[in-house]
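Asks: Sharing a structure, written as structure tokens. Questions coming.
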Amino acid sequence: MKTHLIPVGTDGPLVPILVGLPFALVHSRRASGSPIPPPVVAEALIDTGADVTVLDPAVLAPLVASGLPVRRTVFVNSPALGGVAPLFEYEVGLTVAADPGVPKSGLTIRTLLVVERQLGALGYQALVGRDVLDQCVLVYDGPGRRAVLGY
């Protein structure tokens with residue numbers, strides 16, 4: 001099992017993530033010789049209260065500009081962000097606890113459904129929800145101000 005030590009700051013446990021195109025879209029682009037945009041680097045809060053992973057529009061914008069389609073509109077209840085709202089859902093590739101300079105250095109999920117919601121004012125660009133955390137072991141050490149993410 002790989003593990004990552006995550007410091008816990010005033011916002012909670014923040015991890016770097018990489019967001020890219022989903023596996024099927026990468027595969028089809030490679031087959032057709034179409035360009036594949038580089039993954040977007042963002043900072044994400046590990047949020048055990050979130051059912052799904054949420055990405056700020058600024059994180060998705062470069063991928064959408066490169067042809068990432070909206071999958072559908074879904075209604076999501078986000079009490080801390082204003083309650084129920086219709087949000088765009090996308091299919092992406094996601095790597096959590098990634099070191100952008102080190103290939104294969106995090107938990108990689110080749111295809112993940114995420115929702116888009118404005119988060120920038122909160123100080124981070126994403127929420128890693130239980131859809132991802134269900135594939136991990138998370139140990140939260142409050143007194144030590146750290147968490148350990150294993151996968």
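The values are calculated or read from the model by the stated rules, or taken from the named source; none is laboratory data. Given the structure is predicted, the values throughout are model-derived calculations rather than measurements. A quick note on method: Cβ atoms are made from the backbone with ideal geometry, for glycine too, and the neighbour counts reach across all protein chains shown.
Asks: Out of everything in segment 18-38 that is surrounded by fewer than 16 Cβ atoms within 10 Å (Cβ to Cβ) and free of Cβ contacts under 8 Å to residues at least 12 places away in the same chain, what residue ends up being nearest to residue 93 (Cα to Cα)?
Replies: So the residue we want is 27.
Asks: Can you spot a residue in segment 44-52 that is more than 18 Å from the chain's Cα centre (by Cα) and in contact (Cβ under 8 Å) with a residue 24 or more places away in the chain?
Replies: No: segment 44-52 contains no residue that is more than 18 Å from the chain's Cα centre (by Cα) and in contact (Cβ under 8 Å) with a residue 24 or more places away in the chain.
Asks: Go through segment 86-131 and give me each residue that's crowded, with 18+ Cβ neighbours inside 10 Å and either basic (Lys, Arg) or part of a helix (DSSP H, G or I) (or both).
Replies: 117
Asks: Next up: Kindly list the number of the only condition in (1) in contact with a Leu (Cβ under 8 Å, 6 or more places away or on another chain); (2) acidic (Asp, Glu); (3) under 26 Å from residue 1 (Cα atoms) that fails for residue 99.
Replies: Against the list (1) in contact with a Leu (Cβ under 8 Å, 6 or more places away or on another chain); (2) acidic (Asp, Glu); (3) under 26 Å from residue 1 (Cα atoms), residue 99 comes up short only on (1).
Per-residue answers, yes or no, for (1) of a type in the set (Gly, Ala, Ser); (2) over 20 Å from residue 23 (Cα atoms); (3) modelled with pLDDT of 95 or more:
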site	(1), (2), (3)
100	no, no, no
106	yes, no, no
110	no, no, yes
116	no, no, yes
123	yes, yes, no
127	no, yes, yes
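Asks: Now for a different question. In this structure, is residue 68 hydrophobic (A, V, I, L, M, F, W, C) and assigned to a helix (DSSP H, G or I)?
Replies: Against the criterion (hydrophobic (A, V, I, L, M, F, W, C) and assigned to a helix (DSSP H, G or I)), residue 68 does not qualify.
Asks: Something else: Identify all residues within segment 141-151 that are within 17 Å of residue 16 (Cα to Cα) and not in a loop (DSSP other than H, G, I, E, B); write none if there are none.
Replies: Within segment 141-151, 146, 147, 148, 149, 150 meet the criteria.
Asks: So, one more: Mind telling me which of the residues 56, 51 ends up being closer than 30 Å to residue 7 by Cα, surrounded by fewer than 20 Cβ atoms within 10 Å (Cβ to Cβ) and acidic (Asp, Glu)?
Replies: Criteria check complete, one pass: 51.
Asks: Checking residue 58 against (1) touching a Leu at 6+ places or on another chain (Cβ under 6 Å); (2) at pLDDT 95 or above; (3) under 23 Å from residue 88 (Cβ atoms), which test does it fail?
Replies: Tallying (1) touching a Leu at 6+ places or on another chain (Cβ under 6 Å); (2) at pLDDT 95 or above; (3) under 23 Å from residue 88 (Cβ atoms), residue 58 fails exactly one: (1).
Asks: Same structure, new question: Within segment 52-68, is there a residue that is of a type outside the set (A, V, I, L, M) and farther than 23 Å from residue 25 by Cα?
Replies: No, that holds for no residue.
Asks: Which condition breaks for residue 62 when tested against (1) within 21 Å of residue 2 (Cβ to Cβ); (2) not in a loop (DSSP other than H, G, I, E, B); (3) not hydrophobic (A, V, I, L, M, F, W, C)?
Replies: Checking residue 62 against (1) within 21 Å of residue 2 (Cβ to Cβ); (2) not in a loop (DSSP other than H, G, I, E, B); (3) not hydrophobic (A, V, I, L, M, F, W, C), the one that fails is (1).
Asks: Among the residues of segment 138-151, what is the count of those that are under 17 Å from the mean Cα position of the chain (by Cα) and either surrounded by fewer than 16 Cβ atoms within 10 Å (Cβ to Cβ) or of a type in the set (A, V, I, L, M, F, W, C) (or both)?
Replies: Residues meeting the conditions: 3.
Asks: Could you please let me know if residue 68 is among the hydrophobic types (A, V, I, L, M, F, W, C), free of Cβ contacts under 8 Å to residues at least 60 places away in the same chain and surrounded by 19 or more Cβ atoms within 10 Å (Cβ to Cβ)?
Replies: For residue 68, the condition - among the hydrophobic types (A, V, I, L, M, F, W, C), free of Cβ contacts under 8 Å to residues at least 60 places away in the same chain and surrounded by 19 or more Cβ atoms within 10 Å (Cβ to Cβ) - is met.
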